[in-house]
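Submitted below is the structure of interest, expressed as structure tokens.
The values are calculated or read from the model by the stated rules, or taken from the named source; none is laboratory data. Keep in mind it's a predicted model, so treat the numbers as computed, not measured. Here the Cβ positions follow ideal geometry from the backbone for every residue, glycine too, while neighbour counts run over all protein chains shown.
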């Protein structure tokens, strides 16, 4: 089952997400650990480097990246064009964008990474936007919270990884990997499932 929290309108949803990202105490904490968490993120991508390495020269985006250590980790692994996206930009490596209405051209992106699926108010639209923007054979790496209770800012609950897999197939994706996460992820230790999707 995929359950979505009731929110009256899209503006209310956007304001809720920005409330967390713009919180000065949280931002101070994230900024203070930017270099440390950049290093800690490297194993997250190294475990699948054989799948991702062919995209080192492509556009790569980390969605919902806050201060962008995911993108900086990918840059350190040779993905020189890696950028983060968020509703609130940060320095020159996190650009402003909306996961439900992305600014990128059709068939233009090699690789997406995200760990904020639980922050999507419209999961099929989110997946469809990723599918639209990916190049043929492009990949999307999702880290999911399966069976976890939502915090104040989470809006989407996933009871079983198969629910996510089924929705992804409905959008048109091939499933490359769907397995338990065994690598500790900075910020969110509740990310317990990894899925890699491929655009047909």
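List every residue pair whose Cβ atoms sit under 7 Å apart, with the two residues 6 or more apart in sequence or on different chains, where the first one lies in segment 157-170 and is within 15 Å of residue 3 (Cβ to Cβ) and the second, anywhere, is modelled with pLDDT of 95 or more and in a helix (DSSP H, G or I).
Taking only residues 6 or more apart or on different chains, the pairs are 158/164; 167/123; 167/124; 167/127.
Same structure, new question: Based on this model, can you work out whether residue 104 counts as farther than 20 Å from residue 50 by Cβ and surrounded by 18 or more Cβ atoms within 10 Å (Cβ to Cβ)?
Details: farther than 20 Å from residue 50 by Cβ: yes; surrounded by 18 or more Cβ atoms within 10 Å (Cβ to Cβ): no.
No, not satisfied.
Oh, and also: Out of the residues in segment 11-30 meeting the condition of being loosely packed, with under 13 Cβ neighbours inside 10 Å and in contact (Cβ under 8 Å) with a residue 40 or more places away in the chain, tell me which one is farthest from residue 118 (Cα to Cα).
22
Can I ask one more? Just one of (1) modelled with pLDDT of 95 or more; (2) outside any helix (DSSP H, G or I) trips up residue 39, so point out which.
(2)
Residue by residue, here is whether (1) without any contact (Cβ under 8 Å) to a residue 12 or more places away in the chain; (2) surrounded by fewer than 19 Cβ atoms within 10 Å (Cβ to Cβ); (3) touching a helix residue (DSSP H, G or I) at 6+ places or on another chain (Cβ under 7 Å) holds:
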{"position": "32", "(1), (2), (3)": "yes, yes, no"}
{"position": "37", "(1), (2), (3)": "no, no, yes"}
{"position": "68", "(1), (2), (3)": "no, no, no"}
{"position": "72", "(1), (2), (3)": "no, no, yes"}
{"position": "83", "(1), (2), (3)": "no, no, yes"}
{"position": "91", "(1), (2), (3)": "no, yes, no"}
{"position": "95", "(1), (2), (3)": "no, yes, no"}
{"position": "114", "(1), (2), (3)": "no, no, no"}
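How many of the residues in segment 129-147 are surrounded by fewer than 17 Cβ atoms within 10 Å (Cβ to Cβ) and either at pLDDT below 95 or closer than 16 Å to residue 56 by Cβ (or both)?
Qualifying residue count, segment 129-147: 3.
Name the single residue that is farthest from residue 44 (Cα to Cα) among those in segment 172-197 being surrounded by fewer than 17 Cβ atoms within 10 Å (Cβ to Cβ) and modelled with pLDDT of 95 or more.
The residue in question is 172.
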